[in-house]
Amino acid sequence: MIEAFVIDHKSILPLHLQVEEILRKLIVKPEYQNGKLLPNEVHIAKKLGISRNTVRQATNKLVYERLLVRKKGVGTKVAKNNIITKLSKWTSFTHEMDEKGVVFKNYAVKVSRVLPDKEIQQLFHIADGVKVIKLERLRGLEKGPVVYFISYFHPRTGLTEKEDYTIPLYEKLEKEHHITVAVSKEGISAILANKKLAEKLNISIGDPILFRKRVVCDPGDRPIEYNLGYYRADSFTYTIDIAKD
């Protein structure tokens, strides 16, 4: 399979980064998702006409990101039950997973109109007594739920309880409500599962959870969504690329 890829020795992109991109494309192929070992580094180096050290540098990056697992004397293969997503690129959860070839399903979708707490009320700059749409979604793989989302929407979105919330959310906002999302302001922390989260995500009370809080704004920097995401820590890893000034 590696024969289908080539290295551009005239490119300004460093060789190890080119190899990294090749590996990222390779590991999403069905055969490697199902446990097949990747070609060894010597084989890859010979086919691409580069040094083994260059291949090792690229492989090490994906091992560090927990995309690959390397076992001495066995080989390298795609890590199971782990979804990697970057903080340098923000999009809807559905589109993000589609890009990775990960098939997700909705285990539960609940919509209600509620009175927001003081934090959300102040964030949205709405008066006392004004209700907002609350959307709860339990999503996961065939093996079971892995993420639980709770979203609150500003009344200006025009969203109601009767909408189809199984389709991509931001696509719905743009096409049906003429609202464009522009930026996501996020905070990520580690928490322990309480009884409610443990039951929803099929884990034990006290298990680690990746907690993601974000405020989604329109091009005018006005908040339109307040979102809480609870991710099974054994299924998600977030990576950050930071460039030196």
If I go through the stretch 65-96 residue by residue, how many of them are farther than 16 Å from G35 by Cβ and either at pLDDT below 70 or β-branched (V, I, T) (or both)?
15
Go through (1) without any contact (Cβ under 8 Å) to a residue 24 or more places away in the chain; (2) assigned to a loop (DSSP other than H, G, I, E, B) and name the single condition A45 misses.
(2)
In the stretch 168-192, what residues are touching a Ser or Thr at 6+ places or on another chain (Cβ under 7 Å) and without any contact (Cβ under 8 Å) to a residue 40 or more places away in the chain?
E174, H177
Answer yes or no: is there a residue in the stretch 14-33 that is touching a Phe, Trp or Tyr at 6+ places or on another chain (Cβ under 6 Å), of a type in the set (V, I, T) and farther than 23 Å from D234 by Cβ.
yes
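The rows are residues; the columns are (1) of a type in the set (S, T, Y); (2) surrounded by 14 or more Cβ atoms within 10 Å (Cβ to Cβ).
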| residue | (1), (2) |
| --- | --- |
| G140 | no, yes |
| K162 | no, no |
| E174 | no, no |
| S184 | yes, yes |
| I188 | no, yes |
| L197 | no, yes |
| I205 | no, no |
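The values are calculated or read from the model by the stated rules, or taken from the named source; none is laboratory data. All values reported here derive from a predicted model rather than from experimental measurement. Don't worry about glycine lacking a Cβ; one is built from the backbone with ideal geometry, like all the others, and counts go over all protein chains shown.
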